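Novice: Here it is: the structure, laid out below.
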Amino acid sequence: MDTTVCVGVIGAGRMCQRAHIPNLLAEKCQIVGIADPRYETAKLVASHFRIPGAYGDYRELLARDDLDAVVAAVPDQFHAEIAIAALEAGKHVFIEKPMATNSDDGRKMVEVAKRTGRRLSIAYQRRHDPAAQITKRLVDEFAGSGEMGRIRYMELKNFGGDWTWNSDPLIDAGDTSPERGADPRFPSWLPEHLRGQFAVYNNGLTHGIDLIQYLVGAPTAVIAAYPDYSATTMALFDWGGIRTLVAAAPTEGSIWQEWLEMRYEHGWMRLSTPPSLHVNRPGVVEVYRGGRGVTERYEAAHEWAFRREMQHFLRCIREGVPEIPTPEEALLNVMIVEDLFRQAVRMPKPLPIERT
């Protein structure tokens with residue numbers, strides 16, 4: 001039986017050039033066309049990767065009857081529109097995170113995927129990192145054995161750095177997208193002064209939120225939120241009874257710096273994530289087992305999370321396995337970010353310390 005998957009690519013930018021197109025080709029998919037409103041760039045990318053078709057409008061690509069699926073990496077505000085159009089056209093969909101720029105659009109995407117019976121995969125590649133999967137196994141093991149006691153506190157910190165790990169220039173014809181200035185489709189209630197911060201959280205820091213959701217399930221409440229990525233953004237959650245801090249700040253430095261610490265009653269565990277586009281560098285897992293007084297370091301397989309993520313999407317198509325994350329889990333990530341910003345709107349001003 002022929003298991004070749006015929007794919008159309010939507011978006012000719014960094015993520016498709018650096019990750020999605022190479023991974024599709026490595027997995028023996030047939031890429032029949034690429035679409036981008038920057039048509040000259042789309043043609044250059046098509047030529048470079050020997051893709052036979054280039055389009056300036058993704059609808060022309062969706063009109064092809066030889067497509068099984070589309071892989072899309074486009075500005076966030078177009079995610080829902082493109083995913084819904086592709087699902088309605090009978091195509092399986094793999095699209096970059098976030099799912100959408102508001103939860104209403106995300107709900108529509110989930111509904112259309114269910115109605116059409118097509119797969120809808122949202123690209124949270126952290127779940128596919130070998131070290132994250134080791135961490136998940138250990139979390140479940142400790143929960144069952146009780147060796148470490150219960151989790152008392154979790155903390156995710158992101159100080160940025162070089163996540164691309166590649167100095168090669170991108171293919172770019174220099175043409176400008178006519179879609180610039182399009183409606184960002186933020187939640188209608190979101191104050192204008194918080195829109196930029198919402199976009200940063202929903203696109204980037206939601207990776208950390210999804211990672212924690214993967215490890216221990218969904219959070220239960222947002223306790224406090226101060227989303228100001230220009231300085232330091234901080235959010236405090238109740239995560240099923242565990243106080244959890246998510247903090248990020250843009251700092252200078254070439255080394256990628258992001259880690260999640262889980263503090264148990266009798267030890268701790270730390271997962272350090274790798275630069276996303278570093279092909280052969282997984283995350284690192286360290287565990288301190290207090291009862292034994294030893295620190296362990298777990299060596300993860302040198303496999304790329306993006307490659308494993310694409311392999312899983314193809315299994316969804318060929319074998320019918322569930323998406324990772326599921327569309328409902330991806331939608332919850334958007335809803336969590338919305339709740340975080342609802343709390344930010346309600347937060348009181350800082351109370352000055354009296355020095356009299």
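Novice: Could you list, in sequence order, all residues of region 153-210 that are under 29 Å from ALA12 (Cβ atoms), hydroxyl-bearing (Ser, Thr, Tyr) and either touching a Cys at 6+ places or on another chain (Cβ under 6 Å) or not in a helix (DSSP H, G or I) (or both)?
Specialist: THR164, SER167, THR176, SER177
Novice: Grab the strands (runs of 3 or more DSSP E) fully contained in region 264-352, keeping just those with 3 or more residues being in the same structural domain as ASP162 (by TED's automatic domain parsing) and over 23 Å from the mean Cα position of the chain (by Cα).
Specialist: 284-289, 294-298
Novice: Identify all residues within region 128-149 that are over 21 Å from PRO282 (Cα atoms) and either surrounded by fewer than 19 Cβ atoms within 10 Å (Cβ to Cβ) or of a type in the set (Gly, Ala, Ser) (or both); write none if there are none.
Specialist: Hits for region 128-149 are GLU141, ALA143, GLY144, SER145, GLY146, GLU147, GLY149.
Novice: Of the residues ALA100, ALA72, ALA63, which is outside the structural domain of VAL279 (by TED's automatic domain parsing) and surrounded by fewer than 23 Cβ atoms within 10 Å (Cβ to Cβ)?
Specialist: Matching residue, one of ALA100, ALA72, ALA63: ALA63.
Novice: Looking at region 235-256, which of its residues are under 15 Å from ILE336 (Cβ atoms) and either in a loop (DSSP other than H, G, I, E, B) or not assigned by TED's automatic domain parsing to the domain that holds ASP210 (or both)?
Specialist: GLY240
Novice: Being outside any strand (DSSP E or B) and either hydroxyl-bearing (Ser, Thr, Tyr) or within 14 Å of PHE198 (Cα to Cα) (or both) is the filter here, so list the residues in region 225-234 that pass it.
Specialist: Correct list: PRO227, ASP228, TYR229, SER230, THR232.
Novice: When the residues of region 285-297 are narrowed to those that are surrounded by 14 or more Cβ atoms within 10 Å (Cβ to Cβ) and modelled with pLDDT under 95, which ends up farthest from ALA26 (Cα to Cα)?
Specialist: GLY290
Novice: On to the next question. If I go through region 44-59 residue by residue, how many of them are within 19 Å of VAL5 (Cα to Cα) and either surrounded by 15 or more Cβ atoms within 10 Å (Cβ to Cβ) or touching a residue at least 24 places away in the same chain (Cβ under 8 Å) (or both)?
Specialist: Count: 6.
Novice: Hey, among the residues in region 1-51 that are more than 25 Å from the chain's Cα centre (by Cα) and of a type in the set (Asp, Glu), which one's modelled with the lowest pLDDT?
Specialist: Checking each candidate, the answer is ASP2.
Novice: In this structure, is THR164 modelled with pLDDT under 90 and in contact with a Lys or Arg (Cβ under 8 Å, 6 or more places away or on another chain)?
Specialist: In short, yes.
Novice: Could you figure out which of (1) crowded, with 16+ Cβ neighbours inside 10 Å; (2) of a type in the set (Ser, Thr, Tyr); (3) more than 18 Å from the chain's Cα centre (by Cα) isn't true of SER230?
Specialist: (1)
Novice: To continue, here is another question. Which of the residues that make up region 25-35 are buried (at least 17 other Cβ atoms within 10 Å of the Cβ) and either in contact with a Phe, Trp or Tyr (Cβ under 9 Å, 6 or more places away or on another chain) or not assigned by TED's automatic domain parsing to the domain that holds GLU96 (or both)?
Specialist: ILE31, GLY33, ILE34, ALA35
Novice: Moving to a separate point now. Here are TYR226, TYR214: which of them is touching a strand residue (DSSP E or B) at 6+ places or on another chain (Cβ under 9 Å) and of a type in the set (Phe, Trp, Tyr)?
Specialist: Sole residue among the options that is touching a strand residue (DSSP E or B) at 6+ places or on another chain (Cβ under 9 Å) and of a type in the set (Phe, Trp, Tyr): TYR226.
Novice: Among the candidates ALA73, ALA85, single out the residue that is under 23 Å from the mean Cα position of the chain (by Cα), touching a residue at least 60 places away in the same chain (Cβ under 8 Å) and within 25 Å of PHE186 (Cβ to Cβ).
Specialist: Only one candidate passes the filter, namely ALA73.
The values are calculated or read from the model by the stated rules, or taken from the named source; none is laboratory data. The structure displayed is predicted, hence computed values, not measured ones. Cβ coordinates were reconstructed from backbone atoms using ideal geometry, including for glycine residues, and neighbour counts include every protein chain displayed.
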